[in-house]
Amino acid sequence: FRRWETNFQLRNHVRQYDYQKELPLGSPCDEEDLRKNLGGFMVQGWPEDFSPWEFLIVPHYQSSSSSEMSTPKMCFIVRMHHVLGDGHSITNLIMRDFAQTDFKMQLPRRRGKSLWIEVPKILLFPIVGTWQLADNLVESYDSENCWHTWGKLSKEYYTSISEPIQMEMVKEIKERYGVSVAAVLYTALCGGMRRVMEEAGQVIPESFASFNPVPVRNHPPGLVNHISLMYVRWPLSIKAPIVRLKEINRNLKRLSSSTVSSVMFWLTQGNGLLPCWGQRAFHSRNYCTAITSIYPTPSTVPYLKGCPILESVIAIPLGPGQQGLSVMMMGTGGRVRVVANIEKNISPPEDIFRNLGSYITQELFWLYNAHNSSIADMIVFRPDEKCSRFKIH
């Protein structure tokens, strides 16, 4: 179902930014220009006879950080169709092949178990796998809520980008409460979403389902799609951040020990063998609210030809299903950034949705400062609270 690009020329794919007419950028370009156009980058089409990837160079970029205003910068916009590779492949392409760093992504490891445990699991896999998959698919079904509709979607987006979040702080929260890094970040996301909905006067749903990519062992080299998928429910109705954190961590642990990931892996591999119309039919049967994913963040700053890569953000467009929200987390140099894109048809006013990134950061500060969990569970978050040790920049 693929064909070769018969007249391949590198300059067709690596070139100066040339979407100025469709997606204008200032000169110098700044983060606000990129934020406004990020939704447009995601839905911009591809020339029919070119393979779907391009590196666009923006030579004059102005940082929003006052400490870096005087340093000349440039911006790379990497556009790539997801059919070419999964998150593991794309991150390796950018961080290892493009930036030429020694960055290594961690993948799940197979835990050694006794034969007496493994044999019954293998024998029961068809029954248990079918049951757990059915249960996960039922969990994926969202009725209409303020950020989810069964009506027609516009494929036009509003974007919110958080300030850089220090992974050191996230890991300290993780260790303090005995949870995972993913649980900490998704807890802050749910708290930020609650605040945006409240500010917009919307009815907060009890929970919503998210479509999540899952890394798989023995990932082949190069650009490939070698991932699994599963649905996770995020509890929005829980006000207390620490209670919400523990509930999300329980949900993630339960799914990680289930067979859903294995079953979905083989289903997605089989889906790749279908013609395009079959793949569209498969992916359009998604009735969840969002797509969420966390990409690995290198702890050190990578360099490209001696120049440091100071920031990196990622966004993925929504597929043919009914999802109206996409949230991606990625960073560099030990600092992660959250990028959220929402369909204009279901979004609260743009000036309110833009606050989501700031609210996520504030929720993390609150979790870090909540030393006494018994008191913290009863306190309603106050947005003016400051972090005593960590700063946004």
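The values are calculated or read from the model by the stated rules, or taken from the named source; none is laboratory data. Since we're looking at a predicted model, the values are computed, not measured. Because the Cβ atoms are built from the backbone with ideal geometry, glycine has one as well, and the counts that use them run over all protein chains shown. Ligands, DNA and RNA are stripped out before the accessible areas are found, and what is left, the full protein with its side chains, is counted by its heavy atoms. Shrake-Rupley method; radii C 1.70, N 1.55, O 1.52, S 1.80 Å.
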Report task. Let me know the whole percent of all Cα-Cα pairs from the stretch 179-329 that are separated by more than 22 Å. Result -> 51
Query raised in the report: In terms of the Cα gyration tensor, with a ≥ b ≥ c the square roots of its eigenvalues, is the stretch 234-308 rounded because a/c is under 1.5, prolate because a/b exceeds b/c, or oblate?
Result: oblate
Report summary line: Non-local residues with an amide H under 5 Å from the amide H of residue 227, with H modelled 1.01 Å from N and Pro and chain starts lacking one, are none
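Residue 23: net charge of surrounding residues, Cβ under 14 Å, Lys/Arg +1, Asp/Glu -1, itself excluded? Intermediate values should be presented prior to the final figure.
Details: positive: 21, 35, 36, 79; negative: 18, 22, 32, 33, 54, 156.
The answer is -2.
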Report task. Would you list, by chain and number, the aspartates and glutamates whose Cα falls below 17 Å from the Cα of residue 174, excluding same-chain residues fewer than 8 positions away? Result -> 247, 363, 377
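How about the stretch 11-59: which GluC sites (Glu not before Pro) there are in a DSSP loop, with at most 14 other Cβ atoms within 10 Å of their Cβ? Spell out each step's value before the answer.
Numbers: sites: 22, 31, 32, 48, 54; in loops: 22, 48.
Sites meeting the loop and neighbour criteria: 22, 48.
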Report summary line: The answer for the chain, accessible area per residue at 1.4 Å probe in Å², is 53
Query raised in the report: How much solvent-accessible surface does residue 246 expose, in Å² to the nearest 10, with a 1.4 Å probe and all protein chains in place?
Result: 90
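Counting each DSSP H run of 4 or more residues in the chain as -39500 (n - 2.57), what helix-only mean residue ellipticity at 222 nm follows after dividing by all residues, to the nearest 500 deg cm²/dmol?
Working: 11 runs with 132 residues, N = 393.
Calculated mean residue ellipticity at 222 nm is -10500 deg cm²/dmol.
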Query - Accessible-area order (highest first, 1.4 angstrom probe) of the listed residues 198, 343, 139 - result: 198, 139, 343
Query - More than 41 Å apart - percent of Cα-Cα pairs taken over the chain - result: 13
Report summary line: In the structure shown, of 36/239; 152/344; 73/155; 171/246; 246/344; 36/171, the pairs separated by more than 21 angstrom at the C-alpha atoms are 36/239; 73/155; 246/344; 36/171
Query raised in the report: Roughly what % antiparallel, to the nearest 5, for the DSSP beta bridges in the chain?
Result: 75
Query - Selected from 185, 245, 153 as most flexible by GNM, with the chain as the system and alpha-carbon contacts under 10 Å - result: 153
Report summary line: Amide H neighbours of residue 304 at under 5 Å, excluding residues fewer than 5 places away on the same chain, with H built from the backbone geometry, are 309
Report task. Using Cα centres only, tell me the gap between the stretch 20-57 and the stretch 256-307 in whole Å. Result -> 23
